[in-house]
Structures are given as structure tokens and as C-alpha cells.
Amino acid sequence: MDERPPVTFRFYQQLNDFLPGPQRKRDVRFTINRVCTVREAIESVGVPPTKVDLVLVDGESVDFNHRLHGGERVAVYPAFESLDIAELRKSTLTLLISSGARPSGG
């Protein structure tokens, strides 16, 4: 069996909650014994792929079927949440108009 160089993983934000304490918020090196997919590697450390939104391998965005051969650097990010502020903008504008103020132009 060939000895492969370890894969370096970094999990971000709430994905760290799935890792043991010593592996949280730091680069962690894992040895893989065979070529495996990103999905297989992520699952093997206990992180559910359903919680993952973005995976970068050596700085390039990849999907879960990307094959790891050893020696890669893998950054794993959770689903990015966005805040819809449309209602907030609408409420602020209504408040400005009712107070007689005018929104600044731009």
C-alpha cells in the first residue's frame, strides 16, 4: 500500500461543533489510505455534508465528488446566511416620510 501525504483540513464557523475539541478552529491533518472523495473525507471526521456549503481544495472551489489523493489543503465552510433587509429598508423609509424628513440622495 502506498503511503500518501496527509490532507490538511480546516473547518470554519459552526462546522467546528462537529469536531473533537483539539481539532476545532485549527488546521488538522488527516491521513488517507486511498483516494477518496471530499464527501467521504468530510463524513469520516463527523461533519455532515448537508451542513457544508463551500469546499475549497488548494484554493479552488470543488464539489463533493472531487477526489483527494493526499497532500491537498481543504477549507470547508458552512452555509452562508444572509439577512434580507428589504423590510427594514421599507420601515425606515416609512418612518422618514411620516416624520417629514427626506431620505438622502445617492
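Counting other C-beta atoms within 10 Å, and keeping those with at most 16, which DSSP coil chymotrypsin sites (Phe, Trp or Tyr not before Pro) do you find in region 7-64?
Of the chymotrypsin sites (Phe, Trp or Tyr not before Pro), the ones in loops of region 7-64 whose Cβ has at most 16 other Cβ atoms within 10 Å are TYR12, PHE64.
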- request: Note down the nm distance, to one decimal, between modelled labels 7 Å out along Cα→Cβ at THR50 and at ARG67.
  value: 2.9 nm
- prompt: Among the trypsin sites (Lys or Arg not before Pro) within region 1-71, which fall in a DSSP loop and have no more than 16 other Cβ atoms within 10 Å of their own Cβ?
  reply: ARG24, LYS25, ARG26, ARG34
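Here, each number is a calculation from the coordinates, and none is a lab measurement. Here the structure is a predicted model, which is why all the values come from computation and not from measurement. Using ideal geometry, Cβ is built from the backbone for each residue, glycine included, and neighbour counts are taken over all protein chains shown.
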